[in-house]
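A.B. asks: Mind looking over this structure? Questions follow.
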Amino acid sequence: MWLARSSGALALRRDVFGAVPGTGRWATLLLADGNIGIGGDPAALLRRVAELIMPDGRALVEVEPPGSPLLCEQVRLRHGATLSDWFPWAWIGADQITSLGLAAGLTVTEIWTDSGRWFAALSPTP
């Protein structure tokens with residue numbers, strides 16, 4: 001978040017499923033570092049993304065490489081000997097984002113890879 005803010009971008013740390021300022025008026029929404037998995041239900045997350053961005057906005061999401069299975073699991077984080085509680089998480093392959101996006105009212109406008117990571121840009125379906 002500090003990187004976005006230091007570059008002059010607005011960055012918020014909020015529960016994406018809760019109240020978010022400017023709902024429907026976000027020009028760009030970024031889900032990086034695997035955050036397409038938030039809540040363990042990528043379809044629900046993409047529907048929420050569609051609510052948050054403006055009609056000509058876009059969402060940039062990081063996905064898994066093509067051929068990766070859609071996985072929805074319970075996971076937990078480990079830091080040294082400390083473990084978090086279990087929480088739902090999901091992974092989605094680049095070749096699955098188009099159908100999930102369309103079901104949420106979003107059209108994939110681009111898929112690309114950079115430094116071994118895969119990304120997709122989605123915009124509201126006209």
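A.B. asks: Take segment 90-103 and flag every residue that is assigned to a strand (DSSP E or B) and buried (at least 20 other Cβ atoms within 10 Å of the Cβ). So that I can check it myself, show each step before the final result.
C.D. replies: Keep residues of segment 90-103 that are assigned to a strand (DSSP E or B), which gives 90-91, 93.
Once the filter is applied, which keeps residues that are assigned to a strand (DSSP E or B) and buried (at least 20 other Cβ atoms within 10 Å of the Cβ), segment 90-103 yields only 90.
A.B. asks: Something else about it: Take the residues in segment 104-118 that are farther than 16 Å from residue 66 by Cβ and part of a loop (DSSP other than H, G, I, E, B), then tell me which one is nearest to the chain's Cα centre (by Cα).
C.D. replies: Restricting attention to segment 104-118, the residues satisfying the condition of being farther than 16 Å from residue 66 by Cβ are 104-107, 109, 115.
Okay, now just the ones that are also part of a loop (DSSP other than H, G, I, E, B), so 104-105, 115.
Details: 104: 13, 105: 15, 115: 19 Å.
Filtering segment 104-118 for residues that are farther than 16 Å from residue 66 by Cβ and part of a loop (DSSP other than H, G, I, E, B), the one nearest to the chain's Cα centre (by Cα) comes out as 104.
A.B. asks: Just the residues that are loosely packed, with under 13 Cβ neighbours inside 10 Å and either touching a strand residue (DSSP E or B) at 6+ places or on another chain (Cβ under 8 Å) or in a helix (DSSP H, G or I) (or both), please, taken from segment 18-50. Don't jump to the end; show me each part of the working.
C.D. replies: Taking segment 18-50 and keeping what is loosely packed, with under 13 Cβ neighbours inside 10 Å, we get 18-19, 21-25, 27, 32-33.
Residues satisfying the conditions are 24, 25, 27, 32, 33.
A.B. asks: Going through 59, 121 one at a time, which residue ends up being hydrophobic (A, V, I, L, M, F, W, C), in contact (Cβ under 8 Å) with a residue 24 or more places away in the chain and farther than 15 Å from residue 42 by Cβ? Talk me through it step by step, then tell me what you get.
C.D. replies: Numbers: 59 fails: farther than 15 Å from residue 42 by Cβ.
That would be 121, the only listed residue that is hydrophobic (A, V, I, L, M, F, W, C), in contact (Cβ under 8 Å) with a residue 24 or more places away in the chain and farther than 15 Å from residue 42 by Cβ.
A.B. asks: If you go through segment 46-53 one residue at a time, do you hit one that is within 21 Å of residue 123 (Cβ to Cβ) and over 15 Å from the mean Cα position of the chain (by Cα)? Full working, then the answer.
C.D. replies: First, pick out the residues of segment 46-53 that are within 21 Å of residue 123 (Cβ to Cβ): 46-53.
Of the ones still in play, those that are also over 15 Å from the mean Cα position of the chain (by Cα) are none.
No: segment 46-53 contains no residue that is within 21 Å of residue 123 (Cβ to Cβ) and over 15 Å from the mean Cα position of the chain (by Cα).
A.B. asks: Right, here's the next one. More than 20 Å from residue 123 (Cα to Cα) and at pLDDT 95 or above - does that describe any residue in segment 57-66? Write out each step before concluding.
C.D. replies: Let us first name the residues in segment 57-66 that are more than 20 Å from residue 123 (Cα to Cα), namely 65-66.
With the extra rule that they be at pLDDT 95 or above, the set shrinks to 65-66.
Yes, segment 57-66 contains a residue that is more than 20 Å from residue 123 (Cα to Cα) and at pLDDT 95 or above.
A.B. asks: Oh, and also: Give me the pairs, please: first residue somewhere in segment 22-35 and farther than 13 Å from residue 55 by Cβ, second residue anywhere and surrounded by fewer than 16 Cβ atoms within 10 Å (Cβ to Cβ), beta-carbon distance under 6 Å, and either six or more positions apart or on two chains.
C.D. replies: Filtered contacts from segment 22-35: 30/60.
A.B. asks: Read through the list (1) within 27 Å of residue 126 (Cα to Cα); (2) open to solvent by 90 Å² or more (accessible area, probe 1.4 Å); (3) in contact with a strand residue (DSSP E or B) (Cβ under 9 Å, 6 or more places away or on another chain), then give the number of the only condition that residue 74 fails.
C.D. replies: Tallying (1) within 27 Å of residue 126 (Cα to Cα); (2) open to solvent by 90 Å² or more (accessible area, probe 1.4 Å); (3) in contact with a strand residue (DSSP E or B) (Cβ under 9 Å, 6 or more places away or on another chain), residue 74 fails exactly one: (1).
A.B. asks: Looking at 15, 56, can you tell me which residue is exposed (fewer than 11 other Cβ atoms within 10 Å of the Cβ) and within 17 Å of the chain's Cα centre (by Cα)?
C.D. replies: Of the residues listed, the single one that is exposed (fewer than 11 other Cβ atoms within 10 Å of the Cβ) and within 17 Å of the chain's Cα centre (by Cα) is 15.
The values are calculated or read from the model by the stated rules, or taken from the named source; none is laboratory data. What you see is a predicted model, and the numbers here were worked out from it, not measured in a lab. Glycine also receives a Cβ, built like all others from the backbone with ideal geometry; neighbour counts cover every protein chain displayed. Surface areas here come from the heavy atoms of the whole protein model, side chains and all, with no ligands, DNA or RNA. Shrake-Rupley method; radii C 1.70, N 1.55, O 1.52, S 1.80 Å.
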